[in-house]
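Take a look at the structure set out below.
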């Protein structure tokens with residue numbers, strides 16, 4: 001099984017347009033033998049972050065992108081990602097039931113390896129306890145080490161910022177997430 005991050009933009013930054021695009025993308029992914037694991041949309045509805053799950057071990061970003069293009073869905077990027085901080089079964093089980101309030105994009109520094117990232121994550125994760133009102137949920141790290149997406153449940157943006165400061169990790173873009181339905 002491989003996971004892929006798909007980033008796209010609805011034609012109009014509105015809830016209905018974003019929901020319709022996620023629905024179309026989910027159908028296109030199914031046609032490629034993939035499953036939509038998660039969809040996250042900022043409250044502005046200007047971007048959509050999808051995590052697609054593909055069976056098998058071979059990376060298939062081309063299959064994901066091809067299925068989207070065949071369905072007439074333009075996308076900004078498709079990249080293989082690794083789930084960190086949670087197990088896939090847990091994400092499947094909790095899909096849609098546990099609040100995800102914020103998504104942080106971190107553009108990873110050039111030259112950072114996956115092994116170094118994972119070691120840093122393991123070392124710093126206990127420091128989240130310094131900000132008990134914020135719950136780190138999981139991260140998706142691009143296998144090409146371009147960036148990662150970190151998901152949090154928190155009362156507000158300031159709490160997310162305090163959590164990131166506690167683990168000494170920057171925020172390149174912070175998105176308060178909205179509901180599609």
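The values are calculated or read from the model by the stated rules, or taken from the named source; none is laboratory data. Because the structure is predicted, anything quoted here is derived from the model rather than measured. Glycine also receives a Cβ, built like all others from the backbone with ideal geometry; neighbour counts cover every protein chain displayed.
Tabulated data
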{"quantity": "Qualifying residue in the range 26-35 (condition: assigned to a strand (DSSP E or B) and closer than 21 Å to residue 81 by Cβ)", "calculated": "yes"}
{"quantity": "Qualifying positions in the range 7-25 - within 13 Å of residue 73 (Cα to Cα), touching a residue at least 60 places away in the same chain (Cβ under 8 Å) and either more than 17 Å from the chain's Cα centre (by Cα) or not in a loop (DSSP other than H, G, I, E, B) (or both)", "calculated": "7, 8, 18, 22"}
{"quantity": "Residue within the range 84-94 that is out of contact with any strand residue (DSSP E or B) (no Cβ under 8 Å at 6 or more places or on another chain), surrounded by 11 or more Cβ atoms within 10 Å (Cβ to Cβ) and within 24 Å of residue 21 (Cα to Cα) present", "calculated": "yes"}
{"quantity": "Yes/no for residue 164 being in a strand (DSSP E or B), in contact (Cβ under 8 Å) with a residue 12 or more places away in the chain and surrounded by 14 or more Cβ atoms within 10 Å (Cβ to Cβ)", "calculated": "no"}
{"quantity": "Residue list for the range 53-65, filter: at pLDDT 90 or above and in a strand (DSSP E or B)", "calculated": "53"}
{"quantity": "Among the candidates 50, 68, residue that is within 15 Å of residue 141 (Cα to Cα) and either in contact (Cβ under 8 Å) with a residue 24 or more places away in the chain or assigned to a loop (DSSP other than H, G, I, E, B) (or both)", "calculated": "50"}
{"quantity": "Residue in the range 57-68 that is more than 25 Å from residue 94 (Cβ to Cβ) and in contact with a helix residue (DSSP H, G or I) (Cβ under 7 Å, 6 or more places away or on another chain) present", "calculated": "yes"}
{"quantity": "Unique match (being over 24 Å from residue 12 (Cβ atoms) and at pLDDT 95 or above) among 82, 92, 47", "calculated": "82"}
{"quantity": "Options 119, 86; residue that is in contact with a helix residue (DSSP H, G or I) (Cβ under 9 Å, 6 or more places away or on another chain) and over 21 Å from residue 43 (Cα atoms)", "calculated": "86"}
